[in-house]
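Remarks on the structure that follows.
The values are calculated or read from the model by the stated rules, or taken from the named source; none is laboratory data. Because the structure is a prediction, the values reported are computed rather than measured. No Cβ is skipped: glycine too gets one built from the backbone with ideal geometry, and neighbour counts run over all protein chains shown.
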Amino acid sequence: MRVVFFILLTVFLAACKEDELTNQIVVHQNGLIVPVPEGFNIEKQPNGFRFVEAGQLRTPRQVTVSYVASQPVGVFDHHRHLRYATAFYSVDHHLGGSAGRIFDFRAMKPDRKGWVVIAATDQTEWVRPDFDLAWQMLDRAQGRYNAQGR
């Protein structure tokens, strides 16, 4: 009976985390399609979108999603399997003051004729953030370069 309880609890908690994304999407002129997270403001960028957590927050979470033609330069020393691709990522941290360390997350996945790239920041005093929202967004984001190659 305990095993069934823990399985149901795990499924329930996984479903709760998935709720951070709405059913809405944003589409960039370069073909990038990104799910919109609940409670975030959206800013259009040259190659994608920047999402900033709304509200009177001391250190709001930020996520930037881009679609680029060439593989990004940098050290992506870990990998994680998503539904339809393997993502490569890195997490760095530095001192952030009284609110704790600042964590910088960068990940990329190949998609059609380009790369979906995501960058996220979070600040915490106690534990390393799991960047679950960024992972959900990367998993569901798609790129479709248009005829002009933008």
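Kindly provide the set of residues from segment 53-91 that are more than 28 Å from residue 22 (Cβ to Cβ), loosely packed, with under 11 Cβ neighbours inside 10 Å and among the polar types (S, T, N, Q), ordered by number.
Scanning segment 53-91 gives a single hit, 70.
Please enumerate the residues belonging to segment 92-110 that are surrounded by 16 or more Cβ atoms within 10 Å (Cβ to Cβ) and in a strand (DSSP E or B).
Of everything in segment 92-110, those that are surrounded by 16 or more Cβ atoms within 10 Å (Cβ to Cβ) and in a strand (DSSP E or B) turn out to be 93, 101, 102, 103, 105, 106, 107, 108, 109.
Any chance you could count how many residues in segment 76-91 are part of a loop (DSSP other than H, G, I, E, B) and more than 23 Å from residue 42 (Cβ to Cβ)?
Filtering segment 76-91 down to residues part of a loop (DSSP other than H, G, I, E, B) leaves 76-77, 82-85.
Keeping just the survivors that are more than 23 Å from residue 42 (Cβ to Cβ) gives 76-77, 83-85.
Total meeting the criteria: 5.
Six or more apart or on different chains, Cβ under 8 Å: which pairs go from a residue in segment 128-150 that's more than 15 Å from residue 22 (Cβ to Cβ) and among the hydroxyl-bearing types (Ser, Thr, Tyr) to one that's modelled with pLDDT of 90 or more and crowded, with 17+ Cβ neighbours inside 10 Å? Could you list them?
If the second residue must be modelled with pLDDT of 90 or more and crowded, with 17+ Cβ neighbours inside 10 Å, the pairs left are 145/30; 145/31; 145/67; 145/114.
Could you tell me which residue of segment 111-130 is farthest from residue 144 (Cα to Cα), considering only residues that are charged (D, E, K, R) and buried (at least 17 other Cβ atoms within 10 Å of the Cβ)? If you could, list the steps in order and put the result at the bottom.
Taking segment 111-130 first, the residues charged (D, E, K, R) are 111-113, 122, 125, 128, 130.
Then drop every residue that is not buried (at least 17 other Cβ atoms within 10 Å of the Cβ), which leaves 111, 122.
Numbers: 111: 8, 122: 29 Å.
Here the answer is 122.
On the given criteria, is residue 147 hydrophobic (A, V, I, L, M, F, W, C), under 24 Å from residue 26 (Cα atoms), modelled with pLDDT under 90 and loosely packed, with under 14 Cβ neighbours inside 10 Å? It would help to see each step written out before you state the result.
Numbers: hydrophobic (A, V, I, L, M, F, W, C): yes; under 24 Å from residue 26 (Cα atoms): yes; modelled with pLDDT under 90: yes; loosely packed, with under 14 Cβ neighbours inside 10 Å: yes.
Judged against the criteria, residue 147 is a match.
Does residue 73 satisfy being touching a Phe, Trp or Tyr at 6+ places or on another chain (Cβ under 8 Å) and either of a type outside the set (Ser, Thr, Tyr) or not in a strand (DSSP E or B) (or both)? I'd like the intermediate steps shown before the answer.
Working: touching a Phe, Trp or Tyr at 6+ places or on another chain (Cβ under 8 Å): no; either of a type outside the set (Ser, Thr, Tyr) or not in a strand (DSSP E or B) (or both): yes.
For residue 73, the condition - touching a Phe, Trp or Tyr at 6+ places or on another chain (Cβ under 8 Å) and either of a type outside the set (Ser, Thr, Tyr) or not in a strand (DSSP E or B) (or both) - is not met.
Mind checking which residues of segment 83-112 are farther than 13 Å from residue 135 by Cβ and in contact with a Pro (Cβ under 6 Å, 6 or more places away or on another chain)?
Result: 103, single match.
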